[in-house]
Amino acid sequence: MNIFDKGFAPSEAQLRYLDGDYVVIKPGSFVRCAISGKRIPLDELSYWNVDRQEAYADADAAHEAYVRYGLGQA
């Protein structure tokens with residue numbers, strides 16, 4: 001089934017995040033941003049954290065996670 005099929009319903013994918021890549025555990029069309037909860041289409045996914053296994057919608061959300069979890073403190 002693809003996005004142009006009648007009755008297509010977007011579903012949340014489950015991924016395993018790796019360095020520079022990811023593996024699809026459960027197929028779907030999007031993942032959720034760990035900071036904002038926003039849907040991120042898989043073809044637009046650019047930011048994630050391997051250690052926390054989280055996806056981020058954009059650079060600002062990735063930076064917020066970096067600061068929030070104490071990683072940004074010297």
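A few remarks follow.
Residue-by-condition table, conditions (1) at positive phi; (2) hydrophobic (A, V, I, L, M, F, W, C); (3) modelled with pLDDT of 95 or more; (4) out of contact with any helix residue (DSSP H, G or I) (no Cβ under 8 Å at 6 or more places or on another chain):
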{"site": "Cys33", "(1), (2), (3), (4)": "no, yes, yes, no"}
{"site": "Ile40", "(1), (2), (3), (4)": "no, yes, yes, yes"}
{"site": "Tyr47", "(1), (2), (3), (4)": "no, no, yes, no"}
{"site": "Ala55", "(1), (2), (3), (4)": "no, yes, yes, yes"}
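- Of residues in the range 1-22 being among the polar types (S, T, N, Q) and within 28 Å of Arg52 (Cβ to Cβ), the one modelled with the lowest pLDDT: Ser11
The values are calculated or read from the model by the stated rules, or taken from the named source; none is laboratory data. This structure is a prediction, so every number in the text was calculated from the model and none was measured. Cβ: placed from backbone, ideal geometry, glycine included. Neighbour counts: every protein chain shown.
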